[in-house]
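Data block below; observations after.
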């Protein structure tokens, strides 16, 4: 009886492994998919020489920063690593750290969920690893592996279903596409679209703050400083209705970080709140004017904190 059960389990595992192999390896990923842009961002990170301004975070950076304005203001190359918050805070830091060079200015801008349920990542991490298999070396924690195990099956099923239905297994459309990014890594396809945000809610009420975030951030900060670079934390942009709904929690996050981080926080979340008509499709994505306003505020914060000054590198 036990042998029969073991054989059944083994057979099931073989079937699951085969399905995973088919989905992961044999079903092609679109070369122009949004997630494929990480390949270009990593290439820039490895080839653009220091000193640079490195922007690290999720899609709040991909959609909502004007890197050309940063470049013109400070005279430094800019590499915008922002793509998706769902790869997790741990992963975002780990994939960037090996490339940091002397006198780089590393600007961290994290969506608030990254301090809560997205700290270890979600489905976006599994999708990204299909494009960047070398990213497996940035999975360091049990939490990341647990997330991977829980999300892998549904993601592979969705990939297979999407491929059968449309012939594509990846997110590619007129806005979300690899060739929609400019030379700095900013997405520009959405800038003149009409406002389209609908409130969805940021946090589950019972989601706890992940205390590991402080340790991971401080370890990253120490490594950046050891490389001869500077690192700061700034607030992401956020639509006003979500900010008003979660103001106390956001203030608590920044209060805790202000007490615990060993590198500067240069921004007040109050200064990065935007109206509904400035938003494109999520709480963190800005249209053209909001994007410019957010960038000007970041420039002001960097200068006020004495991190870097206009024309410093010219």
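The values are calculated or read from the model by the stated rules, or taken from the named source; none is laboratory data. Bear in mind the structure is a predicted one, so any value in this text is a computation, not a measurement. No Cβ is skipped: glycine too gets one built from the backbone with ideal geometry, and neighbour counts run over all protein chains shown.
Given the residues 130, 144, which is the only one that is closer than 16 Å to residue 33 by Cα, within 17 Å of the chain's Cα centre (by Cα) and either modelled with pLDDT under 95 or surrounded by 13 or more Cβ atoms within 10 Å (Cβ to Cβ) (or both)?
Unique residue meeting the criteria: 130.
Against the definition (out of contact with any helix residue (DSSP H, G or I) (no Cβ under 7 Å at 6 or more places or on another chain) and closer than 17 Å to residue 223 by Cβ), how does residue 102 come out, yes or no?
yes
Which numbered condition trips up residue 76, out of (1) in a loop (DSSP other than H, G, I, E, B); (2) modelled with pLDDT of 90 or more; (3) closer than 24 Å to residue 282 by Cβ?
Residue 76 satisfies all of (1) in a loop (DSSP other than H, G, I, E, B); (2) modelled with pLDDT of 90 or more; (3) closer than 24 Å to residue 282 by Cβ except (3).
Hey, could you check the stretch 258-296 for residues that are in contact (Cβ under 8 Å) with a residue 60 or more places away in the chain, in contact with a strand residue (DSSP E or B) (Cβ under 9 Å, 6 or more places away or on another chain) and in a helix (DSSP H, G or I) and say which is surrounded by the most Cβ atoms within 10 Å (Cβ to Cβ)?
Out of the qualifying residues, it is 294.
Anything in the stretch 99-136 that is closer than 22 Å to residue 232 by Cβ, free of Cβ contacts under 8 Å to residues at least 60 places away in the same chain and not in a helix (DSSP H, G or I)? List them, or say none.
Residue satisfying the conditions is 118 alone.
Pick from 139, 118, 89: which is under 17 Å from the mean Cα position of the chain (by Cα), modelled with pLDDT under 95 and closer than 29 Å to residue 301 by Cβ?
After applying the criteria, what remains is 118.
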